[in-house]
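Structure, as structure tokens:
Just so it is clear, none of the values below were taken in a lab; they were calculated from the coordinates. Just so it is clear, the model here is predicted, and its values are computed rather than measured. Glycine gets a Cβ as well: all are built from the backbone with ideal geometry, and neighbour counts include every protein chain shown.
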Amino acid sequence: MPFSRRGKCVCAASLLALATLTPATSRAVTVSDGGRGTFSDPTRIDNRWFPLTPGTQFTYEGQANRGEGQRRHRVVFTVTDLVKVVDGVRTVLLWDRDYNAGVLQENEITFHAQDDEGTVWNFGEYPEEYRRGKLSGAPDTWLAGTDRARAGIVMLAEPKPGTPSYLQGFAPAIEFADRARVYRTRLKTCVPVECYGNVLLTDEWNPAEPGAHQRKYYASGVGNIRIGSAGKDAERETLVLTRLRRLSPPAMVFVRREALKLDARAYRVRPDVYGHTPPAQRM
């Protein structure tokens, strides 16, 4: 897309932001699996198994095979104090940095919201990929409401074994239709941060890759504390929570600045998807 046209997208989005980021009444939207969610206070994410409080930072360490054999793997996941309107819903912007063998491999922002029932939804992702320290693109970008994409479930309000599996998002343009299910409950597990009881275990998979599964452990009141793999998962990613902290105001200034850079860059890298949304803004 020509530069001048990209510029128009950003300006139009800025105007739209002024109208959409003001307080609003309940918003009902069509989501994955043909259902609908109502979002009255979507940026207040206090789900028992996946609370997302702005300023919270999770650091995970482990191993993964990203095509070069098992290497050291580290993920830094930060809940920002930024919001972005996606498909008409105010979402919380999350910043995720993925390092392989100490080198940044993916720099991503994602957008979550909680509905009135307490279910947490994923409204899209902008994952930048890096090769040898340089940005190579963001081919897996998707946002609900664009190219027939719809929001998917990150965490159920009341996860129970035996409930049907659920879509984690639906984006046909990039063939994304991952699913998950509640696998086990009331487990105990220890990670470097702490030992936890009453742990929830979910099973995730991509229907296009039969036999490959990812297992995620969630501690009540904390969130995701461990990730493992099962079956024919070639990546064999394993991660454990090694640090959990509440960021200081100066640290949040840095987080906010870097996340906004990503959000702004997305309009240039993927204007076809991103140009339909207003820029992120502070809560």
Mean projected area in nm² (Cα convex hull; one quarter of hull surface) for the stretch 44-160
8.5
Whole percent per 10 Å bin, from 0 to the bin with the longest distance: what is P(r) over all C-alpha pairs of the chain?
6, 28, 39, 22, 4, 0
Taking Cα atoms, the helix 3-20 axis meets the longest principal axis of the chain at an angle in degrees (rounded to 10) of 80
tail above 20 Å in the computed P(r) of the stretch 137-283, as % of all Cα-Cα pairs, reads 63
Highest-fluctuation residue, E68, E258, E108 considered, GNM on the chain with Cα pairs under 10 Å
E68
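By how many nm would the segment from R131 to R44 lengthen if fully extended, with 0.36 nm per residue of separation less the alpha-carbon distance? The partial results should precede the final answer.
On the way: separation 87, 0.36 × 87 = 31.32 nm, distance 3.58 nm.
Going from the current span to full extension adds 27.7 nm.
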Relative contact order [Cα under 8 Å, 6+ residues apart], the chain, whole percent
21
Size of electric dipole in the stretch 3-278: Cβ of Lys, Arg +1 and of Asp, Glu -1, about Cα centre, debye, nearest 20:
580
Lys/Arg Cβ at +1, Asp/Glu Cβ at -1, dipole of the chain taken about the Cα centre: which of N198, V89, A259 is farthest positive-ward?
A259
Evaluate the distance, in nm, between pseudo-label points positioned 7 Å from the Cα of N198 and of D116 along their respective Cα→Cβ axes.
2.8
Charge-dipole axis of the chain as Lys and Arg at +1 and Asp and Glu at -1 on Cβ define it, positive-most pick from G118, P250, A171
P250
Candidates A234, A219, A177: whichever shows maximal mean-square fluctuation once the chain is modelled as a Gaussian network with Cα springs under 10 Å:
A234
Mind checking which of G152, G223, G197 has the largest fluctuation in a GNM of the chain, springs on alpha carbons under 10 Å?
G197
What's the angle, to the nearest 10 degrees (0 to 90), between helix 249-269's Cα axis and the longest principal axis of the chain?
70
